[in-house]
Amino acid sequence: VDMRSLGEDTLKPFQLTLEHQWSEMEMWIEGVTNWFAQKGYDEQESSIQWSHLQQVVDSEVYNIYKHFPRSTMNVTGEGGIREAIRTDFSRRYTLFNRRMKFFKERMAPGTSLTTHLQHMRSLGKEADYQNLRGDSLFVMVLLHSIAHCEKSAFNKIKGMEEKDITIEKIAEKFYAIDEARASQKAAEDEDDESASANRIYAKGQAGQYDKG
């Protein structure tokens, strides 16, 4: 009896969907890798590997990759579907967003300290916190400090290319935002002064007509 054929239900990972978070995707990646290794699926032809993959992703995920070359593109090997899925998830859950979530997270009422610690460890791992230092750390703290009162500015920074989210680029963006706001305020003040002058003039004209 091939022992690798036993225990399939316990080895098979959960079905991956587009609703899963980054940490869940990482758990799925690890599960698929172990499942394929234990069952010997990674030694099979690529086209057969795809039939196993279909069991552990939902139809929406599968449809994204179904047009990939099944005869040459394996699942768990280098350049395989496993790597493609991780890459696609990294676009949906950028490192910047994962780090902001890590910094913004707050302990939920009624949660045990141990549970919260484990939750924060998971978020920290997603945020690659061990490499979060220097300028990267400053940027995260800075953006967290404005998120509650400067949502417009925060969203402008969040919408930038991740490689451009540096202290220098943020300084340029903040300066441009401040300049635009100052110009808008000056224009509004000028409009107010003009409107006030017009009201005074109209009032004066009305007074002259009354005297006449």
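The values are calculated or read from the model by the stated rules, or taken from the named source; none is laboratory data. Keep in mind that what you see is a predicted model, and the values were worked out from it rather than measured. Note that each Cβ is placed from the backbone with ideal geometry, even for glycine, and that neighbours are counted across all protein chains shown. Just the protein is used for accessible areas: all its heavy atoms, side chains included, with ligands, DNA and RNA removed. Shrake-Rupley method; radii C 1.70, N 1.55, O 1.52, S 1.80 Å.
Couple of notes before you dig in:
- Segment THR94-ASP58, length gained on full extension (0.36 nm per residue, minus Cα span): 10.7 nm
- Centre separation in Å (Cα based) which lies between segment 41-93 and segment 101-169: 31
- Membrane-span-like helices in the chain, defined purely by DSSP H runs whose alpha carbon atoms cover 24 Å or more axially and whose average Kyte-Doolittle hydropathy reaches 0.0, do not occur.
- All other residues whose Cβ lies under 13 angstrom from that of THR76 are scored, Lys and Arg at +1 and Asp and Glu at -1, for a net of -2.
- Exposed GluC sites (Glu not before Pro) absent - longest run of the chain, DSSP non-H/G/I/E/B, at most 12 other C-beta within 10 Å: 79-160
- Couplings for segment 14-19, taken from phi via the Karplus curve 6.51 cos²θ - 1.76 cosθ + 1.60 with θ = phi - 60°, read 5, 7, 6, 10, 6, 7 Hz in order; Gly and Pro are left as x.
- For VAL57, residues with placed amide H under 5 Å, excluding near neighbours: LEU16
- Options (i) 19.0, 59; (ii) 28.7, 116; (iii) 15.3, 45 - which one matches Rg and Dmax of the Cα atoms in Å as calculated here: (ii)
- Quarter the surface of the alpha carbon convex hull of segment 8-69 and you get the mean projected area, 4.2 square nanometres.
- Relative contact order [Cα under 8 Å, 6+ residues apart], the chain, whole percent: 15
- Entries of LYS12/LYS101; LYS39/LYS101; LYS39/LYS163; LYS101/LYS173; LYS125/LYS151; LYS39/LYS66 with Cα pairs more than 32 Å apart: LYS39/LYS101; LYS39/LYS163
- Mean accessible surface per residue for the chain, computed with a 1.4 Å probe while every protein chain stays in place, in Å²: 66
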